[in-house]
Every structure is written in C-alpha cells, then in structure tokens.
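Student: What follows is a single structure, and I will ask about it in a moment.
FYI, it's all coordinate maths here, none of it is from the lab. Since we're looking at a predicted model, the values are computed, not measured. Here the Cβ positions follow ideal geometry from the backbone for every residue, glycine too, while neighbour counts run over all protein chains shown.
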Amino acid sequence: MLRCSEVRLGMFIQTEETPNPATLKFLPGSEVLGTGTADFPNRDGADKSPLAQRLFGVAEVTAVFLGGDFITVTKSPDADWQVLKPAVLGAIMEHFTSGDPALREAAGPVHAAGDGENEEVVSQIVELLDTRVRPAVAMDGGDIVFHGFEDGVVFLTMQGACAGCPSSTATLKMGIENLLRHYVPEVDEVQAVS
C-alpha cells in the first residue's frame, strides 16, 4: 500500500509498507540496479555499495536490499518509522544526486548453479522461482535465492523485506513449497538457509 511520498530536487520517492513491519520499500522512480539484486543484511560488505553505505550512515538502519527499481530498508526494533523515514529519504536523495553507482561492481548471479545430477529438476525449480515467486516477493520488497536441491529438499534464502518477516515461514512452507511440489514431483520440502 502506498503510504507516503517525498519530492525534493525534482525527485519523487514513493514509500510502501511491506508485510514486515520493520521494513519499508522505497521507490525512487528510477533504476536502482540494472540487473540482479544486492542484499546487505548488516553493515558488513556495504563498502561494495555507495547507496548502502549512505543508508547505513543512518544509525537505526540495520539492513539494506537493492532491487531493480526499489530499495528496501530495515530499521532497528526500537526505531520509529515516523522519525527515521526523513533521514532515509535524505540518504536516498543524496545518493541519486551524487551520480555514484548503486554498486561498485555488477551484481552476482541470483541463484546457485545446478549440479549435473539434478540439472533438469534444478532448471525447473529455478524457472518457477524466477517466473512465479520472485516477482511476487519483489512486490513486497524482497527476493528469494535458490541455494540447492538435495534428496528432495530445496534450499532457499529470503532477502530484503522477506528476511525476518513474520510471514516468511508461511510463505516458504505454504506458498513456495506447495507450488514447487505441484509442478516438480521430485520436490518434497523447502527449507530456509540463513
């Protein structure tokens, strides 16, 4: 649901709530990453992204996720979005007016490579994730990453707004697991990887 927007220096940033109350989705109205996603679940590794560095410069920011056309920011439990949101909007504005890239290097592959033994099954799983699951998860400010398939078990990681979301377990078990089991009979279960 669209909650707020801010216009400064000719830039319009929309803000949307996500299913995770600790996370907001910011839509700057322009491309954030050309392809792929970048997840910064903490300050470690943020040096790869001038945008993430600016956002982590706001003391109460605990995680940053960059998508194709959105930025997901997670706050500390004791922070209040009403107080924090102007600082986050300011950091995003500062980044886009600086001309710096969102990432210093291209985003890596989204999913782990399949192994030879299960290559056909892995291909089906990845195709379903990419066409049916990832677009829906991106609408909520997150992403899902495939890590592997072994003995009927699919290993996935939830990122962005979906990481730590109260409904992420239900999404994995009732949504994604049921979808994969329906279309790929070799799948018995989905497990989260942290």
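Student: Suppose every Lys and Arg Cβ carries +1 and every Asp and Glu Cβ carries -1, with no other charges. What dipole size does the chain come out with about its Cα centre, to the nearest 20 debye?
Tutor: 920
Student: Then there is this: For the chain, just list the percent of Cα-Cα distances falling in each 10 Å bin from zero outward, please.
Tutor: Result, from short to long distances: 9, 36, 32, 17, 6, 0 percent.
Student: Taking the Cα centre of region 62-194 as the origin and placing charges on Cβ (Lys, Arg +1; Asp, Glu -1), which of 99, 148, 187 is farthest toward the positive end of the dipole?
Tutor: 99
Student: Give the longest segment of the chain that steers clear of GluC sites (Glu not before Pro) in DSSP loops with at most 16 neighbouring Cβ atoms within 10 Å, not counting the sites themselves.
Tutor: That gives 32-104 as the longest site-free run.
Student: Further question on the same structure: Just to verify a number: FRET efficiency for residue 118 and residue 31, C-beta to C-beta distance, R0 = 35 Å, to 0.05?
Tutor: Once the sixth-power term is evaluated, E becomes 0.50.
Student: May I pose another question? Bin width 5 Å, origin at 0, all Cα-Cα pairs of region 119-177: what percent of pairs per bin?
Tutor: 4, 18, 33, 26, 13, 5, 1
Student: Return the FRET efficiency for the residue pair residue 191, residue 48: r is the Cβ-Cβ distance, R0 is 22 Å, and the value is rounded to the nearest 0.05.
Tutor: E(calc), rounded to 0.05, equals 0.20.
Student: Also, quick follow-up: Compute a Gaussian network model of the chain, connecting alpha carbons closer than 10 Å, and tell me which residue from 126, 88, 184 fluctuates the most.
Tutor: Between 126, 88, 184, it is 184 that shows the largest mean-square fluctuation.
Student: Then there's this: Taking a point 7 angstrom from the Cα of residue 167 along the C-beta vector, which residues in region 9-49 have backbone N less than 16 Å away?
Tutor: 16-25
Student: Let me have the 222 nm mean residue ellipticity of the chain computed from DSSP H runs of 4+ only, each contributing -39500 (n - 2.57), with the sum over all residues rounded to the nearest 500.
Tutor: The per-residue figure over the chain is -7000 deg cm²/dmol.
Student: Students often check this: by mean Cβ neighbours within 10 Å, which of 61-69, 151-159 ranks highest, and how do the rest follow?
Tutor: Packing order, densest peptide first, comes out as 61-69, 151-159.
Student: Cβ under 15 Å from residue 179's Cβ, residue 179 left aside: what net charge do those residues give with Lys, Arg +1 and Asp, Glu -1?
Tutor: Net of charged neighbours comes to -2.
Student: Pairing the Cα long axis of helix 81-98 with the longest principal axis of the chain, what angle in degrees results, from 0 to 90 and rounded to the nearest 10?
Tutor: The helix 81-98 is inclined about 90 degrees to the chain.
Student: What does the charge count around residue 190 come to, taking other residues whose C-beta lies under 11 Å from its C-beta (Lys +1, Arg +1, Asp -1, Glu -1)? The partial results should precede the final answer.
Tutor: Details: positive: 173, 181; negative: 177, 188, 189.
Result for the local shell: -1.
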